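For reference, the structure discussed in these notes is given below.
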Amino acid sequence: MPGNSTITVHADREIHPSRAVAPPIYQTATFWAEDGETFAQGAVEPRGKDFYTRFGNPNHAQVAAVVAELEGTEAAMVTASGMAALTTAVLALVSTGDHVIGQKSTYGGTGSVLLNLLPRLGVSTTLVDQTDPEAFAKALTPDTRLILVESPSNPLLQITDLRVVAELARAHGVLTMADNTFATPLNQRPADLGIDLVWHSATKYLNGHSDVSAGVIAGPAELLNRIWDVGLLTGATLGPIDAWLLLRGMRTLPLRVPRHNANGQALAEALQEHPAVAKVHYPGLASHPQHKLAANQMNGFGGVLGIEFTGGFEMADAFLGRLRYSLRSASLGGVESLAVHPASMWRGMLSEDQIAESVPPGLVRLAAGTEDTADLVADALAAAGAVHAAAASA
Ligand SMILES: *Cc1c(COP(=O)(O)O)cnc(C)c1O
């Protein structure tokens, strides 16, 4: 097997019908056929690439080929966003009367699917504490069809024991689907641990340049064909240019991830010593309660860390205002560092009680970009020093 850097540069080559070194952009909504039989075949080819762009496009197929090889799965497909990947898969895999298990600490959109969208469709859901390996087993019912996991989780960086969940699910004929956005296939391959389906907000690390919204799902062809069938109906098609940009971004994923990992680790280590910081949530720290488990199932710990300030809501918000390189922005995984204060970002979306249940008020999520490590650490320490001094003199 070639290495990851070779995969991201070459795994899509056979899908290029031309001799152009950089793949062409198939900016077309549809394709023509020479005869009726070929045309009819194109209409039913799962994840095909030259019938009608909602059914698939060569630029989609190129991204899918690279993702499948990186994740070590039989196949992959592309959607218009990470949320489109999740909702399309869930609509394909569960029906009214079924039960789905998810995590309490999870991406906000995933949480809303579990708490609002699925119950409205008559699908019951249970959200568990993912750090308790027995919680998933306790939540199983005879109607459980799907377990949604996310590790590390957003924004608390909690770890799920993917092997344990996969084994439990297999023993009960339940499907598992892992959000691998934070880890990337470079740091973690859930399919190797027995997880059935792996999905990403490709908007984040896979694309890596904060200029595309996209999603991907990787897994066995049979499951992806079922999801693709529903994708034809939900119509969350990624535009050809965005698919092309995503492929271009993925070419350098194996070069970017080690830098994100190094920056995340350095920031976590430096900030956990700071007097303004109560706690740093980062799976690469020996102080992380699940560090051993993380080290066991990951090759690297990623660029995202949670920083809890001693001065609560105000100090966290002030810290963001002091950062020079990390912009206040609701994304992550790009070359530029971005930071958010979840308790203030969620003010318009959740009630105060819901916010208090989900995150500590003084938590900042910092997503380290690929800038020089020394610059990011100096910037974060200067900002922490400034808010610490301001609190001391107040
Ligand atoms: C951003 C994100 C999503 C949602 O993806 P979109 O591309 O914004 O739809 C899902 N999961 C995680 C962990 C994310 O960070």
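The values are calculated or read from the model by the stated rules, or taken from the named source; none is laboratory data. All figures in this text were calculated on a predicted structure; none of them were measured in a lab. For neighbour counting, all protein chains shown are included, and Cβ atoms are generated from backbone atoms with ideal geometry for every residue, glycine included. Ligands, DNA and RNA are stripped out before the accessible areas are found, and what is left, the full protein with its side chains, is counted by its heavy atoms. Shrake-Rupley method; radii C 1.70, N 1.55, O 1.52, S 1.80 Å.
For this structure, a couple of remarks:
- Checked against (1) outside any helix (DSSP H, G or I); (2) within 30 Å of residue 360 (Cα to Cα), residue 24 meets all criteria but (2).
- Here is the figure for segment 71-87: residues that are away from the ligand (no atom under 14 Å from the Cβ) and either part of a loop (DSSP other than H, G, I, E, B) or buried (at least 24 other Cβ atoms within 10 Å of the Cβ) (or both) total 6.
- Single residue of 160, 141, 176 found to be hydroxyl-bearing (Ser, Thr, Tyr), touching a residue at least 40 places away in the same chain (Cβ under 8 Å) and buried (at least 21 other Cβ atoms within 10 Å of the Cβ): 160
- Residue among 93, 114 that is modelled with pLDDT of 95 or more and farther than 30 Å from residue 240 by Cα: 114
- Among the residues of segment 183-203, none qualifies, meaning not one is closer than 20 Å to residue 230 by Cα, modelled with pLDDT of 95 or more and open to solvent by 60 Å² or more (accessible area, probe 1.4 Å).
- Segment 106-125, residues that are touching a residue at least 12 places away in the same chain (Cβ under 8 Å) and either open to solvent by 50 Å² or more (accessible area, probe 1.4 Å) or within 11 Å of the ligand (Cβ to nearest atom) (or both): 106, 107, 108, 109, 110, 111, 113, 115, 117, 121, 124
- Note on segment 205-225: residues that are of a type outside the set (Gly, Ala, Ser) and either surrounded by fewer than 24 Cβ atoms within 10 Å (Cβ to Cβ) or more than 13 Å from the ligand (Cβ to nearest atom) (or both) total 8.
- Count of segment 30-49 residues which are of a type in the set (Ser, Thr, Tyr) and open to solvent by 80 Å² or more (accessible area, probe 1.4 Å): 0
- Count of segment 257-270 residues which are closer than 15 Å to residue 375 by Cα and crowded, with 24+ Cβ neighbours inside 10 Å: 5
- Among the criteria (1) farther than 18 Å from residue 156 by Cα; (2) crowded, with 22+ Cβ neighbours inside 10 Å; (3) not β-branched (Val, Ile, Thr), the one residue 367 does not fulfil is (1).
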